[in-house]
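*Asks:* Below is a structure I'd like to ask you about.
The values are calculated or read from the model by the stated rules, or taken from the named source; none is laboratory data. These numbers were taken from a predicted model, which means no experiment stands behind them. Counting neighbours? That spans all protein chains shown, and the Cβs are built from the backbone with ideal geometry, glycine included. Protein only, heavy atoms only, side chains kept; ligands, DNA and RNA dropped before computing areas. Shrake-Rupley method; radii C 1.70, N 1.55, O 1.52, S 1.80 Å.
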Amino acid sequence: MKSLLKITLFAVTFITCAAVSTFACLNASDNAGNYASGTWTNGSNGGTGFGLWTLSGTANSGEFLGNSTANAGGASGGINTSGQAWGIYANTSTVGDAVRPFTGALSIGQTVQIDLDNGYIDTGGTVGLGLQNSSSQNRIEFFFVGGNSSYTIQTAGGTATSVPFTGDGLRLSFTLTGVGDTMDVTVGSLNGSNGGTNSVFNSVSLAFSGGIDRIRLFNFNAGSGGDRDAFFNNLAIVPEPSTILLVGCGLLGAWVLRRRR
């Protein structure tokens, strides 16, 4: 009888964990090197583990593939793969953006990683990204406002990061922590004299509610000219939730069996 009970409890644990994993976000990766010239368009889908891109723009804003090395008037580096990155331009009070859905909501412990190489930004313009819920509400944003001295992490209220403006590229990592309402944010410099330097912001409280299941990249009115574009690249979600779930479910199963002895 005990053996049958143990088998039943193990089966329930396994099925429960399998059901949870069905709705979890899978690991994913993509970069601009996966796209041939002119093929980053509305509905395109490179890499693995993501949904289709939704690109929007006006006559004075839009999306393109380009080389980010000379962005912000410098040649100190770039975030390119195979010589290109995802670019967004916006001028004359317009906004260009690109939205990419995940396969499900982020699980606790998963990290969204992306590279950002902003150009110069006119006063009042904004360049950055947001992680959103299914209602397209920004649970967390990272951006730079032209005229400010540092980047901002935006949640329920703005948080100055003390990370100064750079045109040399940043690597951003957002790790879901707590019970799904906080994130650890790491801002790492990529090129130039501060290459490899990280700034870490722990347990940042998120705005709104609901699972994070998409990313939005944007350029609002950064200004005209080739040194005022926003470039992004190397988008990834790690680790694979099955790893997290298998470890968690294994521990849960062991605990259940131990309790029944």
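*Asks:* Residue by residue through the stretch 68-115, note down the ones that are assigned to a strand (DSSP E or B), open to solvent by 50 Å² or more (accessible area, probe 1.4 Å) and either of a type outside the set (A, V, I, L, M, F, W, C) or modelled with pLDDT under 90 (or both). Quick ask: steps written out before the conclusion?
*Replies:* Step one: of the stretch 68-115, the residues assigned to a strand (DSSP E or B) are 81, 84-90, 95-102, 105, 111-115.
Still in the list and also open to solvent by 50 Å² or more (accessible area, probe 1.4 Å): 89, 95, 113.
Listed by number, the residues that qualify are Tyr89, Gln113.
*Asks:* Another question about this same structure. Looking at Leu252, is it modelled with pLDDT under 55 and either of a type in the set (A, V, I, L, M) or in a strand (DSSP E or B) (or both)?
*Replies:* Considered against the rule, which asks whether it is modelled with pLDDT under 55 and either of a type in the set (A, V, I, L, M) or in a strand (DSSP E or B) (or both), Leu252 comes out as yes.
*Asks:* How many residues, within the stretch 153-175, are open to solvent by 20 Å² or more (accessible area, probe 1.4 Å), modelled with pLDDT under 95 and assigned to a strand (DSSP E or B)?
*Replies:* The number of residues fulfilling the criteria is 6.
*Asks:* Give the residues of the stretch 81-90 that are of a type outside the set (Gly, Ala, Ser) and more than 9 Å from Asn219 (Cβ to Cβ), sorted by residue number. Please lay out each step first, then the result.
*Replies:* Residues of the stretch 81-90 of a type outside the set (Gly, Ala, Ser): 81, 84, 86, 88-89.
Correct list: Thr81, Gln84, Trp86.
*Asks:* Look at the stretch 187-209 and say how many of its residues are closer than 14 Å to Tyr151 by Cα and touching a Lys or Arg at 6+ places or on another chain (Cβ under 6 Å). Outline the logic, then answer.
*Replies:* First, the residues of the stretch 187-209 that are closer than 14 Å to Tyr151 by Cα: 187-189, 198-201.
Remaining after also requiring touching a Lys or Arg at 6+ places or on another chain (Cβ under 6 Å): 188.
Of the residues in the stretch 187-209, 1 are closer than 14 Å to Tyr151 by Cα and touching a Lys or Arg at 6+ places or on another chain (Cβ under 6 Å).
*Asks:* Here are some conditions: (1) farther than 14 Å from Asp229 by Cβ; (2) touching a strand residue (DSSP E or B) at 6+ places or on another chain (Cβ under 7 Å). Leu116 meets all but one. Which one does it not meet?
*Replies:* All conditions pass for Leu116, except number (1).
*Asks:* Take the residues in the stretch 27-44 that are open to solvent by 80 Å² or more (accessible area, probe 1.4 Å) and in a loop (DSSP other than H, G, I, E, B), then tell me which one is modelled with the highest pLDDT.
*Replies:* Within the stretch 27-44, the first condition is being open to solvent by 80 Å² or more (accessible area, probe 1.4 Å), and the residues that meet it are 34, 37, 42.
Remaining after also requiring in a loop (DSSP other than H, G, I, E, B): 37, 42.
On the way: Ser37: 91, Asn42: 95.
The selected residue is Asn42.
*Asks:* All but one of (1) open to solvent by 40 Å² or more (accessible area, probe 1.4 Å); (2) in contact (Cβ under 8 Å) with a residue 60 or more places away in the chain hold for Ala207; which doesn't?
*Replies:* Single failed check for Ala207: (1).
*Asks:* What about Ile140, is it assigned to a strand (DSSP E or B) and open to solvent by less than 40 Å² (accessible area, probe 1.4 Å)?
*Replies:* Working: assigned to a strand (DSSP E or B): yes; open to solvent by less than 40 Å² (accessible area, probe 1.4 Å): yes.
When the stated conditions are applied, Ile140 passes them.
*Asks:* Taking into account only those residues within the stretch 45-67 that are of a type in the set (A, V, I, L, M) and assigned to a loop (DSSP other than H, G, I, E, B), which is nearest to Ser189 (Cα to Cα)?
*Replies:* To start, the set of residues in the stretch 45-67 that are of a type in the set (A, V, I, L, M) comprises 52, 55, 59, 65.
Checking the rest, the ones that are also assigned to a loop (DSSP other than H, G, I, E, B) come to 52, 59.
Details: Leu52: 29, Ala59: 33 Å.
Once the filter is applied, the top-ranked residue is Leu52.
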